[in-house]
Each structure stands twice: as structure tokens, then as C-alpha cells.
Amino acid sequence: MRMRDFTAEQYRLSRRAFLSASLAAAGGLMLAACGGSAATSGGAGGSSYTLALIVGVKGDPFYITMQKGAEAKARELGVTLLVDGPSQWSATLQTPIVNAYVARKVDAIIIAPCDKQAMIAPLQQASNAGIKVITVDTYIGDGDYVHGPVTFPLSYIGSDNVQGGKIAGEALIKAIGGHGKVYIQNTVPGTSTTDQREQGCKEAIDATHGAVTLVGVDFNGDSAAKAAEQTTAILQRVPDLAGIFGTNIYGSEGAAQAVKNAHKQGQVKIANFDAPEQAIVDLKNNVVDIVIAQKPADMGSIGVQYAVDALKGNMGAIQKRVPTGYVIITRDNVDTPEAQAAIYKSS
Amino acid sequence: MAKMVQQLALPAARVKSRPLEIISRFWSWLFLLLLLLFFSLTGPGFFSFLNLQSIVNDMALALLMSLGQTFVIIAAGIDLSTGFTMGFAAVIEAVVLNALVGRLPLGLALALPLSILIALGVGTLPGLVNGILIGRLRVPPFIATLGMYGIARGLGFIFSGGGQPVSVQIPGVGDIGNGYLLYYHPAVGFSWLHTPVLPPGARPRDLVSILPFPLIVAIVAFLLCHWLLSRTRFGRHTYALGGAPEAARRAGIPVARQTLKLYMLSAFLASVAGVLYVLRFTNGDANAGDPLLLDSIAAVVIGGASLFGGEGTMVGTLIGTLIIYVIQNGLVIIGIDPYWQFVAIGAVIILAVLMDQAKARVLSR
């Protein structure tokens, strides 16, 4: 029998220890409260600023590239930059990170919010605490910080994913000759950025008025193996498939595997959203045909510049919305300096 | 003679093992205090009322899931479906609230309690199904709740109509979930429930807010669960179910019905977390609870519960959750790579089980 029978003595012991530990913890909290108020009265005022960059998900080449852009700018301007992010794309996990930086009293938070609605309240609290808030890549509210429902962030610096999806869709449609059947490989349902890319691609398909049809959308859960499995099934069902849009690298790589196994390389064109190094290798190996690159380094760099401008009171230099645009990379232009500069860094 | 030696030796052995026994029994308290000490010395801003309150507030959702998980694990079960049950309940809450206010239209004072009742009711259904599968149809808990993990996940996305979180744009909802019981500002003094109107010149950043809403809900839920587990027949049956299921059956404990209640309680608490998520983040996200599932199970294990059943306490689970959230917050503040958070928490889980085994050895000596 596993259940342990506590004797009266043991029970008293554990109870007494519990009480004393509770008292100790309560005492700690009281001390903490005093320490806290003492730190508050100190306040900021030095010339060296501490900025925090909170990315959407840690370890993603897109955000690593953004971090590099931000770090370079921070070095140039002589400010301290802290970088962190949740392990999964999740407002639930991103909120405690925001709160930790509020507690640390950073001067500005540059953030790629994981959810446009859910992150409003935590960032509002940061803003109320006197911290400058700038959003990069993604936004809160509707992204319009002048007339929209949320106006406290100083700027939204990023490329519109719906527009990006549309650009990708148009490039894919052009590559398949303006007509045929297209399939979308999406990642995890509910992810705003990839859902918007899907939406943009659908808009490009709709604009052909029936010349191009969508045969389906599947979610691979960020697994190339699953994407390959799903694409194999689609190729069975739709033998004359002409194009595939992968909303990120997992979808495109998995789709490419399936296309290769079905001996349909060349017949099926593949467009990939985002430009990690792997996508460029795939492009050169004829695995994918089109790579759509955003400019995350610019987002990070402008974000840091704006934060420092704001802290120095130079508000005139700040635009509420900075679209950073896209670069379309194909085998024809991959070696140009512009395309090379757009490739994301993985470390 | 031999008996006498034994009698003489026994108290000595007890005295010798006393510090060891106390350490093994309360290692998690000590570990938490050491963590607090370490981060207070190394993390700027960690040791402040604001930060410690935000740690416990941020852990409210995970704690609710952990409380339900504690009951289930003590009864030698596991509930893998709580993460997506929380998301499912969040979606239901957001959809129903939007419909009641937008379509009917009801005032928020009526619509909010009604929508919460519906969301909690619907959110408990996955637990009802789990309980029937496990209690009556003898499906292993891991399998039954893994199936429900998928079902609740899919339903969450289906009800949210296309995957994107259901936004709740009703004024006042966010004020509740982000509200505090008490506010203090040097210029105005204390004020209850509402943020005070500040006179011109008073800095808004000097406002101190005390006892956030999610934390209050979590404290109430914790006290109720602690009472239920440690003071009631329901609690004793839970231990009996996990410790000695055959004996429990023979003793006339209604095993199937108790199992049903346990999984419904787990789903109910996850649904409370889902409703809290909507009030705090003003949207219903099917993915809201998924990232918390493993943390919530880890918290129960760190708190000393055995996955074989029969052991565990609510206080232990509270300490386990605190340890995880203090580590996560502290590592962000001192600026350590977030991948180390996984390593740290993984190591703590293993440490917890090792300490548990050491405790068993000390006690059986």
C-alpha cells in the first residue's frame, strides 16, 4: 500500500514546518515590498539606456536575423540590448517575459507580439509603467497606432503578411503560367502571420477569376515529415497539381520531398515564404522555385533607433507605421547583393 | 538482549536522520527559498513587490490546471487533455459572450455570468467523457486523455471558426481580467477596485496595484482544492484510488464514480483557466492552454506527487508551480538564454523524483 499513514506527531511536525516556512515566505515578501519601493524612488535618469527585444519565438532564423540587426544598431548607438522570447509562439508564454522586463525597469520594449488582441493588456501595463513600446514584425490592435483602437505603441515596423502572401501567390501563379491548380501547406492553425500569408495567397488566386483554383489547405504543425505525407496524398488526389505555396520552410521542404518522390519535379512549382539559409540551398538545388524574403534585420535596427529617439525626446523622427517590404528571390537573382542581403542568418 | 540493542539504537538512528529527514521532506521549500535568494541577488528588479506579484499572477492559469492534475495524478491517472480543454473553454467563453452581447443584446452584467456558466459547463464535458472512458470502460488514462487532447483541440478551432483567436471587443471585459482589488497612489491614497483618477502632475507609474483578479481566483481555487483533498471523504477516496485501487474497491468506494468526478474536476479547473484567459487577454484562443500542459504536470511532480498514485499534496503542487515560474521569470531578468529554462526545469523534475526516493529510503529505515 502506497498511501502513507501520517502519525499525529508527523502531522504536527509537517504542520509546524509548513507554518514556519509560510511565515518565512511572508517575511520575504514584506522585505521584497520594501526593497521594491526603494528601487522605484531611484528612477531612471542616466544617459545609458537599457532596451529589451522580445521576439515572437526564440531560435527562429527570422528573429535571429532581427536580433542581429537590433544588436548592430544598439552597439552603434551605445545602448544595452536584452533579447528574449517564448519557446513557442504563444501569448500565454510571452506575457510573463513582458512582465519580467517591466519589473527590471527597462527603458523600452521592442516586441513582436504573439497575438494582436491578447498582448494589448500586458503591453498597456508596460506603457503605464513608463516604458516605451514599439512593435516589430507583428502588431497589436489593428496595427494603426494613429486612428486604431490601440494608440500607445510608438510605431509598428514590419511587413504586411497578407501583402506578402499575395506577392508570393502572384509570383507562384506567374511561374505556373497563369492557370492551374494550387495547394497551400500551412503550419499551425491560429498563427496570425502564417494565416495571413494563406489569406494573401488566396486573394491572389481569387484575382485570377477561376484560371487558378485552390485544391486545399493543410496544417503540418511545423513538421516537414507531416507536410510530405499530406502533399503525397494531395498528389494522389490531384495528379495535375501545378503549384504549392509553403507558408514557411517546413511546408515547402516537406512538399518538395513529396514532389520529388512522385517524380514530379519541375511539373510542380513551389513557392516558399521566408528566406532562411536552408531555403536558399533548396532554391539552388531546384527543390523550391521562389523564395519570399522579409527584412527582419531592418525591423530590429529601426526598432532600436526609434526607441533611442523616443527616449531622447526626438519624437519627430518616429513614424507610426514603417512598412519594410519584401524581396522576391529566384534562381535568376539569387546571387545579386540585394538578394544575398535578404537571406536570414541562423546563428 | 538483541531486542534491547535494537530499542537503544532506534532513537539514535532517528536523531541521526532527523536533519536528513527534514531536508528530504521540505527540500522543495528550501529550493524555492534558495532560488528567491539567488535571483534577488543577481536579477535587477527581481526582488520587488511588483515582480513577485506578477510572478504569482502569471502562474495563475498554470496553477489552476495543476490543481486538477494533482487530484488525477494522486488517483494514479494523468490528464493530457487539460491544455486544449482550457483553449476550448476559452473559445466557448469568447463566442458565447460575443453572441450574448452582440446579437441578443444583453448587458455585460448579465451576459458575463451567463457566458461563464455556459463555458464552464461545456468545458467540463471533455472531463465527463474522460471519466466515463477511464472509470467505466477501463480505457487507460494516458490513451483516453490523449484522444481527448486531439478532440478538444479540433473542437476549439472549429468553434472559433477558422483557427484565429476569437476577439472580444466588449468594453469592460479586459478591465475585469486585468483589474486589481486595491490600488495605491501617493497622491490619492488607497482606492478599491477602480484605478483612481489622478490629479494633474501625479505620475501614473507611481501607482501600485495590489491583488490582481487572476491571482484572487487562483488563491480561492487553491484553498478549496486543498480543503477538498486534505479534509474531506472525496480527498480520502482520491488517495485510496491511487494508493490501493483493489482495496478501495473492496472497501466499497465507488471507484467508477470517483474517477468520473476527478476527471470532471480537472476539466472544470482547466475551463476556469480558459475563462480567466478570456477576461485577461480579451480573446478566445484555442491554443491558449497547450503551452501550459507540461509545466502543469511538472509542477505536480516537483511538488512530490507520485505518478504511480497515492501521494501528493496541494501545497506541494503550489510550491512546484512557484519553482517553475520563479525560474522562468528569474532567468529572463538575469538575461540567460531561454533554452536554459528547459534544462533548468528538466533538471528540477529529475531532482524532485530523486529527493522523493531518498525520502522514501529515509522514512523506511
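The values are calculated or read from the model by the stated rules, or taken from the named source; none is laboratory data. Note that the structure is predicted; figures quoted are calculated from it, not measured. Positions of Cβ are backbone-derived with ideal geometry, glycine not excepted, and every protein chain shown enters the neighbour counts.
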Discussion item. Restricting to segment A:272-292, count the residues that are within 20 Å of the chain's Cα centre (by Cα) and assigned to a strand (DSSP E or B).
Written reply: 4
Discussion item. Out of the residues in segment A:157-190 meeting the condition of being within 14 Å of chain B (Cβ to nearest Cβ) and buried (at least 22 other Cβ atoms within 10 Å of the Cβ), tell me which one is nearest to B:Asn283 (Cα to Cα).
Written reply: A:Gly190
Worksheet item: Looking at segment B:286-365, what helices (runs of 4 or more DSSP H) fall wholly within it and have at least 1 residues that are without any contact (Cβ under 8 Å) to a residue 12 or more places away in the chain and either facing chain A (nearest Cβ under 9 Å) or surrounded by 24 or more Cβ atoms within 10 Å (Cβ to Cβ) (or both)?
Response: B:314-333, B:339-364
Worksheet item: Limited to segment B:34-52, what total is found for residues that are more than 8 Å from chain A (Cβ to nearest Cβ) and either under 28 Å from B:Trp227 (Cα atoms) or among the aliphatic types (A, V, I, L, M) (or both)?
Response: 4
Worksheet item: Of the residues in segment A:226-249, how many are crowded, with 24+ Cβ neighbours inside 10 Å and over 16 Å from A:Leu214 (Cα atoms)?
Response: 3
Discussion item. For segment B:30-66, give me the residue count where each residue is modelled with pLDDT under 90 and under 20 Å from the mean Cα position of the chain (by Cα).
Written reply: 1
Item to complete: Go over the candidates B:Ile134, B:Ile92, B:Ile158 one by one and state the one that is within 17 Å of B:Ala286 (Cα to Cα) and surrounded by 17 or more Cβ atoms within 10 Å (Cβ to Cβ).
Response: B:Ile92
Worksheet item: For segment B:93-179, which fully contained helices (runs of 4 or more DSSP H) count at least 1 residues that are under 23 Å from B:Lys261 (Cα atoms) and touching a residue at least 60 places away in the same chain (Cβ under 8 Å)?
Response: B:108-131, B:141-159
Discussion item. I want to confirm something. Restricting to segment A:290-322 and keeping residues that are out of contact with any Ser or Thr (no Cβ under 7 Å at 6 or more places or on another chain) and either of a type in the set (S, T, N, Q) or within 23 Å of A:Asp222 (Cα to Cα) (or both), which single residue is surrounded by the most Cβ atoms within 10 Å (Cβ to Cβ)?
Written reply: A:Val291
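This table checks each residue for (1) within 17 Å of A:Asp60 (Cβ to Cβ); (2) touching a strand residue (DSSP E or B) at 6+ places or on another chain (Cβ under 6 Å); (3) of a type outside the set (S, T, N, Q); (4) assigned to a helix (DSSP H, G or I).
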{"residue": "A:Thr194", "(1), (2), (3), (4)": "yes, yes, no, yes"}
{"residue": "A:Gln199", "(1), (2), (3), (4)": "no, no, no, yes"}
{"residue": "A:Gly210", "(1), (2), (3), (4)": "no, no, yes, no"}
{"residue": "A:Gly251", "(1), (2), (3), (4)": "yes, yes, yes, yes"}
{"residue": "A:Ala258", "(1), (2), (3), (4)": "no, no, yes, yes"}
{"residue": "A:Ile270", "(1), (2), (3), (4)": "no, yes, yes, no"}
Fill in: Near pairs, Cβ below 6 angstrom, 6+ apart or cross-chain, from segment A:247-261 (closer than 21 Å to A:Gln199 by Cα) to any residue that is β-branched (Val, Ile, Thr) and part of a loop (DSSP other than H, G, I, E, B)
A:Thr247/A:Thr187; A:Asn248/A:Thr187; A:Ser252/A:Val288
Worksheet item: What do you reckon, is A:Gly141 part of a loop (DSSP other than H, G, I, E, B), within 14 Å of another protein chain (Cβ to nearest Cβ), at positive phi and without any contact (Cβ under 8 Å) to a residue 40 or more places away in the chain?
Response: yes
Discussion item. Among the residues of segment A:120-143, what is the count of those that are modelled with pLDDT of 95 or more and within 15 Å of the chain's Cα centre (by Cα)?
Written reply: 3
Fill in: The listed residue being assigned by TED's automatic domain parsing to the domain that holds A:Val55 and hydroxyl-bearing (Ser, Thr, Tyr), out of A:Thr151, A:Thr232, A:Thr193
A:Thr151
Worksheet item: Could we say that A:Thr65 is in contact with a Leu (Cβ under 9 Å, 6 or more places away or on another chain) and of a type outside the set (Gly, Ala, Ser) here?
Response: no
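So which of A:Pro96, A:Pro61, A:Pro113, A:Pro86 is without any contact (Cβ under 8 Å) to a residue 24 or more places away in the chain and on the phi < 0 side of the Ramachandran plot?
A:Pro96
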Practice prompt. Answer yes or no as to whether B:Asn287 is among the polar types (S, T, N, Q), closer than 19 Å to B:Val91 by Cα and in contact with a strand residue (DSSP E or B) (Cβ under 6 Å, 6 or more places away or on another chain).
Written response: no
Worksheet item: Taking segment A:151-163, which residues are modelled with pLDDT of 95 or more and not hydroxyl-bearing (Ser, Thr, Tyr)?
Response: A:Phe152, A:Pro153, A:Leu154, A:Ile157
Worksheet item: Conditions: (1) more than 24 Å from A:Glu203 (Cα to Cα); (2) within 14 Å of chain B (Cβ to nearest Cβ); (3) assigned to a loop (DSSP other than H, G, I, E, B). A:His147 meets all but one. Number of the miss?
Response: (2)
Worksheet entry | Check on B:Ile55, touching a residue at least 60 places away in the same chain (Cβ under 8 Å), more than 9 Å from chain A (Cβ to nearest Cβ) and in a helix (DSSP H, G or I) | no
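When the residues of segment B:247-265 are narrowed to those that are free of Cβ contacts under 8 Å to residues at least 24 places away in the same chain and within 17 Å of B:Leu137 (Cα to Cα), which ends up nearest to the other protein chains (Cβ to nearest Cβ)?
Ranking the qualifying residues of segment B:247-265, first place goes to B:Arg249.
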Discussion item. Give me the residue from segment A:293-328 that is charged (D, E, K, R) and more than 16 Å from the chain's Cα centre (by Cα) and, out of that set, nearest to A:Ala342 (Cα to Cα).
Written reply: A:Arg321
Fill in: Conditions (1) in contact (Cβ under 8 Å) with a residue 24 or more places away in the chain; (2) more than 10 Å from every other protein chain (Cβ to nearest Cβ): number failed by B:Ile74
(2)
